[in-house]
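J.: Take a look at the following structure, please.
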Amino acid sequence: MDDQAADSAQDAGRAPGCYRHPDRETGVRCTRCERPICPECMVDASVGFQCPECVRSGGGTGHAPSASAPRTLAGGSVAADPRLVTKILIGINLAVFLAVRIQSSLLNDLVLVGTWPPAPFLPTQGVAEGEWYRLLTSMFTHEEFWHIGFNMLGLWWLGGPLEQQLGRVRYLALYLISGLAGGALTYLLAAGTSASLGASGAVFGLFGATAVLMRRLRQDMRPIIALLVINLVFTFGWSGIAWEAHIGGLVAGAVIGYAMVHAPRERRALVQYGTCAVVLAAVVLITLVRTAQLT
């Protein structure tokens with residue numbers, strides 16, 4: 001009897017579980033129906049938070065349901081297909097991979113390289129020669145099956161949940177800028193004649209943002225930390241890997257991810273896209289500095 005009483009007291013002291021995710025304890029309730037809701041289910045309202053169902057139904061506010069459409073944790077629109085952008089990104093990577101397999105000469109025009117061939121051979125090509133587009137095209141270029149396989153697997157596992165929590169536009173900005181940051185750091189630190197390619201920088205950006213998001217949601221971070229450590233071991237323990245791209249993408253993803261999920265509601269868009277602009281400006285600055293060094 002004493003054990004049963006103790007268990008009952010302990011259960012009474014626990015916070016209720018979210019009505020959509022019973023395993024997640026929460027102290028927040030919908031201001032309309034008063035059901036408990038976790039951070040993933042919280043929809044910003046003029047006062048407090050509301051659950052998705054109350055927002056969709058209009059909840060007797062006198063406004064049409066579309067006037068207060070459900071929003072993601074980061075303020076993005078809730079989409080019917082929460083993995084659409086991830087699927088498109090994977091499709092682009094696969095399409096470029098097949099094109100390179102069919103026409104191998106395309107590889108030289110897509111990879112990230114500072115300047116090639118080395119002087120005095122002419123004509124030279126590379127980012128230092130004005131081909132800045134390589135910072136972008138190299139993110140979608142792979143040469144080996146194992147390379148694209150690992151990257152696309154990571155993109156699918158990490159990208160889907162992030163796209164759902166951030167919304168499509170914010171998620172796409174995170175992915176692209178993380179990849180560009182990884183390319184810029186590679187361009188800065190690697191030899192000007194070395195070539196690099198792959199979506200690893202962008203995927204590591206998703207790693208950084210996922211860690212920030214899981215901490216924001218108070219989820220168990222041990223799985224993502226373990227997976228990140230394993231990838232970092234491969235990054236620095238395996239020859240031929242551009243560690244600069246991985247670290248650059250990881251840092252950029254963590255910074256942008258933090259801005260996405262911690263921005264204050266009243267200045268959300270300004271903080272989120274302002275942070276993206278600052279990181280992008282850093283990419284441009286790094287590229288200009290390295291170009292000056294190589295030319």
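J.: Looking at residue 178 and the list (1) under 27 Å from residue 79 (Cα atoms); (2) modelled with pLDDT under 95; (3) of a type in the set (Gly, Ala, Ser), which single condition is not satisfied?
T.: The one condition residue 178 does not meet is (2).
J.: Separate question: Modelled with pLDDT under 75 and on the phi > 0 side of the Ramachandran plot: does that describe residue 60?
T.: Values: modelled with pLDDT under 75: yes; on the phi > 0 side of the Ramachandran plot: yes.
Yes; evaluated as a whole, the condition is true for this residue.
J.: Return a yes/no flag: does region 30-38 have any residue that is β-branched (Val, Ile, Thr), modelled with pLDDT of 75 or more and in contact with a helix residue (DSSP H, G or I) (Cβ under 8 Å, 6 or more places away or on another chain).
T.: No, region 30-38 contains no residue that is β-branched (Val, Ile, Thr), modelled with pLDDT of 75 or more and in contact with a helix residue (DSSP H, G or I) (Cβ under 8 Å, 6 or more places away or on another chain).
J.: Could you please let me know if residue 241 is closer than 26 Å to residue 74 by Cβ and surrounded by 14 or more Cβ atoms within 10 Å (Cβ to Cβ)? Explain how you work it out, then say what you get.
T.: Working: closer than 26 Å to residue 74 by Cβ: no; surrounded by 14 or more Cβ atoms within 10 Å (Cβ to Cβ): yes.
It is false that residue 241 is closer than 26 Å to residue 74 by Cβ and surrounded by 14 or more Cβ atoms within 10 Å (Cβ to Cβ).
Rundown of residues vs (1) assigned by TED's automatic domain parsing to the domain that holds residue 119; (2) more than 15 Å from residue 185 (Cβ to Cβ); (3) at pLDDT below 95, yes/no style:
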site	(1), (2), (3)
264	yes, yes, yes
268	yes, yes, yes
276	yes, yes, no
279	yes, no, no
283	yes, no, no
287	yes, no, no
290	yes, no, no
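The values are calculated or read from the model by the stated rules, or taken from the named source; none is laboratory data. Since the structure is predicted, the reported quantities are computational estimates derived from the model, not experimental observations. When we count neighbours, we look across all protein chains shown, and the Cβ atoms used for this are built from the backbone with ideal geometry, even at glycine.
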